[in-house]
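Here is the structure we will look at.
The values are calculated or read from the model by the stated rules, or taken from the named source; none is laboratory data. These numbers were taken from a predicted model, which means no experiment stands behind them. No Cβ is skipped: glycine too gets one built from the backbone with ideal geometry, and neighbour counts run over all protein chains shown.
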Amino acid sequence: MTRYIFITGGVVSSLGKGLASAALAALLQARGFKIRLRKLDPYINVDPGTMSPYQHGEVYVTDDGAETDLDLGHYERFTGVPSRRSDNITTGRIYSDVIARERRGDYLGATIQVIPHITDRIKAFIGGDLDGEDFVLCEIGGTVGDIEGLPFLEAIRQFGNEVGRERALYVHLTLVPYISSAGEIKTKPTQHSVKELLSVGIQPDILLVRTDRPIPEAERKKIALFCNVRREAVIPALDMKTIYAVPLALHEEGLDAEVCRYFRLTPPPPDLARWRTIVERITKPEGEVTIAVVGKYTGLLDAYKSLAEALAHGGIANNVHVRMNWIDSEIFEQEDTVQRLEEVHGILVPGGFGERGAEGKIAAARFARERQVPYFGICFGMQMAVIEAARSLAGIEGACSSEFGACKEPVVGMMTEWVKGDRVEKRPQGGDMGGSMRLGAYPCMLSPNSRARAIYAQDLISERHRHRYEVNINYLARLEQAGLLFSGMSPDGQLPEIVEIPEHPWFIGVQFHPELKSKPFEPHPLFISFISAAVTQARLV
Ligand code: GLN
């Protein structure tokens, strides 16, 4: 029997609802349950694929090629359960679906309304595409009281009513602020937030209260009294040094026990050994390496969420702390600025779009290549490294990417056709922007005797993609003559997936996004190897 847990947020945004949901799922998993996590986003974009990372952080890509909310990345990192397209919906997707049905005549004769037509679609999504899970955890994006969120709250209220309260639990995450002038913590915002939720017919069963200090017993009782929940169901969620300590902390506060009590389940206590090991390694590293991340959205760390986590996982595997030096690539477009890279032990150029800052990324790749500093280029970072090598090593002076407009030597060019499984995908030049990239998992063959093959210890790998442009196969022979090795190719041999410089201590560019699949308990092999190279570099400098 599948049970449903709905997680809403109140008072302010950015309280870490996604992390709390992921941590609760990890705890239930550690008690032996099969779980699935889903995100319901009230914004009107069909998916976050067209949003600037400054608006909504990174776009997380699933194996089945969906561009989704970054919380799905937390879900995968905490549980190891691969997310699917059906695990993230938005108002935009629900409405386009309902409108398409209306045009087809599916509702012939009816007036289409938010209740029941929109709410019915939301409910169908919540309970659809499941696989015998014990628990489905559904996080509702935004904050209670947002206009866009209303149909979602109404849908989860109806859902709980339909499956029965013994199969549905509502968790509400709020903030208990400390007012320094009064020297007190305040419960009133939580009370108001619960009232707001009650006004749409939802009585929360568990309150997760975010706070920067322990909540005194009297305040915990007060919250319980005013919000109509048991005292044990008021769970403090304190700020943690590392996000991977959150499952342990919430377990200590009794969250999973309370969930089991609610559903009248008596599973064995959770096995949290792996979480203890991870936290131990993060809090007691044996050394430190510094990695320069040369990108564009360096002002907002959420824009590179999975990347920062994957680097940290590489650190866990090597027992070191990874200090990340986020540098805006544009600064390397001025003279003598690459010297700033002298102190670092590794340079990473992540995914990116557009011409701004591209020459700075090329300069960073050149510095890494010439100075023998470990270099990791991901997607755009691979493309820029190839352009750099084409110019400096292969003598292709005008080497560039057709992403930046017409170019004479399109070493990186637009893909208009590629093979997915047994069919050919086509895209017109200048078609729609939304969902039109090469998206999701694709296989890649590794060359024997290459560094990539040694790192993965496999011949055939699968990694996730999100790009429109590709290294142009017509330049491959010239680039290989100049010292590059294309050690990973699509199985049909048409698309370069991995490039390396065998003569360099560690220089690898990948067309895909390995950071999306890294987990704290299963760090990605490329990140393990890159950080290990940085450790060697740290001994050298
Ligand atoms: N802008 C490049 C492309 O579309 C790289 C994309 C990326 O780094 N995700 O191919």
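If you take the residues of segment 470-490 that are in contact (Cβ under 8 Å) with a residue 60 or more places away in the chain and farther than 14 Å from Val510 by Cβ, which of them is surrounded by the fewest Cβ atoms within 10 Å (Cβ to Cβ)?
Step by step, filter segment 470-490, then rank; the result is Gln481.
Mind listing whichever residues of segment 279-308 are among the aliphatic types (A, V, I, L, M), within 19 Å of the chain's Cα centre (by Cα) and assigned to a helix (DSSP H, G or I)?
Listed by number, the residues that qualify are Leu301, Ala303, Leu307, Ala308.
Being under 30 Å from Gln383 (Cα atoms) and among the hydroxyl-bearing types (Ser, Thr, Tyr) is the filter; apply it to segment 262-319 and report the residue that is modelled with the lowest pLDDT.
By that ranking, first place goes to Thr298.
Scanning segment 399-450 for residues that are surrounded by fewer than 19 Cβ atoms within 10 Å (Cβ to Cβ) and among the basic types (Lys, Arg), which turns out modelled with the lowest pLDDT?
Among those residues, the one meeting the criterion is Arg427.
Among the helices (runs of 4 or more DSSP H) contained in segment 445-541, which hold 1 or more residues that are within 24 Å of the chain's Cα centre (by Cα) and farther than 30 Å from Arg84 by Cβ?
525-540
When you scan segment 8-90 for helices (runs of 4 or more DSSP H) that lie fully inside it, which ones turn up with 1 or more residues that are modelled with pLDDT of 95 or more and buried (at least 23 other Cβ atoms within 10 Å of the Cβ)?
Per the criteria, 17-30, 71-79.
Inside segment 197-208, can you point out the residues that are assigned to a helix (DSSP H, G or I) and over 30 Å from the mean Cα position of the chain (by Cα)?
Leu198, Ser199 - these are the residues of segment 197-208 that are assigned to a helix (DSSP H, G or I) and over 30 Å from the mean Cα position of the chain (by Cα).
For residues that are more than 16 Å from the ligand (Cβ to nearest atom), charged (D, E, K, R) and either surrounded by 24 or more Cβ atoms within 10 Å (Cβ to Cβ) or free of Cβ contacts under 8 Å to residues at least 40 places away in the same chain (or both), tally how many sit in segment 501-527.
1
Going by the conditions given, is Leu265 without any contact (Cβ under 8 Å) to a residue 12 or more places away in the chain and assigned to a helix (DSSP H, G or I)?
Spelling it out, it is not the case that Leu265 is without any contact (Cβ under 8 Å) to a residue 12 or more places away in the chain and assigned to a helix (DSSP H, G or I).
Return the total of residues in segment 451-475 being away from the ligand (no atom under 16 Å from the Cβ) and modelled with pLDDT of 95 or more.
12
Suppose we filter Ile531, Ile498 for residues that are out of contact with any Cys (no Cβ under 9 Å at 6 or more places or on another chain) and among the aliphatic types (A, V, I, L, M); which single one remains?
Going through Ile531, Ile498 in turn, the sole match is Ile531.
For segment 319-348, give me each residue that is in contact (Cβ under 8 Å) with a residue 40 or more places away in the chain, of a type in the set (A, V, I, L, M) and outside any helix (DSSP H, G or I).
Correct list: Val320, Val322, Val344, Ile347, Leu348.
Quick one: which residue in Ile115, Ile126 is in a helix (DSSP H, G or I) and in contact with a strand residue (DSSP E or B) (Cβ under 7 Å, 6 or more places away or on another chain)?
Ile126
I need the full set of residues from segment 196-213 which are of a type in the set (A, V, I, L, M, F, W, C) and crowded, with 18+ Cβ neighbours inside 10 Å, in order please.
The answer is Leu197, Ile202, Ile206, Leu207, Leu208, Val209.
Pull up segment 451-461, narrow it to residues that are closer than 15 Å to Ile508 by Cβ and charged (D, E, K, R), then point me to the one that is surrounded by the fewest Cβ atoms within 10 Å (Cβ to Cβ).
Out of the qualifying residues, it is Arg453.
Answer with yes or no whether Arg366 is closer than 17 Å to Asp328 by Cα, within 12 Å of the ligand (Cβ to nearest atom) and surrounded by fewer than 24 Cβ atoms within 10 Å (Cβ to Cβ).
Spelling it out, it is not the case that Arg366 is closer than 17 Å to Asp328 by Cα, within 12 Å of the ligand (Cβ to nearest atom) and surrounded by fewer than 24 Cβ atoms within 10 Å (Cβ to Cβ).
Is there any pair with a first residue in segment 220-235 that is part of a loop (DSSP other than H, G, I, E, B) and surrounded by fewer than 17 Cβ atoms within 10 Å (Cβ to Cβ) and a second that is among the aliphatic types (A, V, I, L, M) and at pLDDT 95 or above whose Cβ atoms are under 7 Å apart and which are 6 or more apart or on different chains, and what are they?
Arg230/Ala224
Picking from Ser490, Ser532, which residue would you name as being touching an Asp or Glu at 6+ places or on another chain (Cβ under 8 Å) and small (Gly, Ala, Ser)?
Sole residue among the options that is touching an Asp or Glu at 6+ places or on another chain (Cβ under 8 Å) and small (Gly, Ala, Ser): Ser490.
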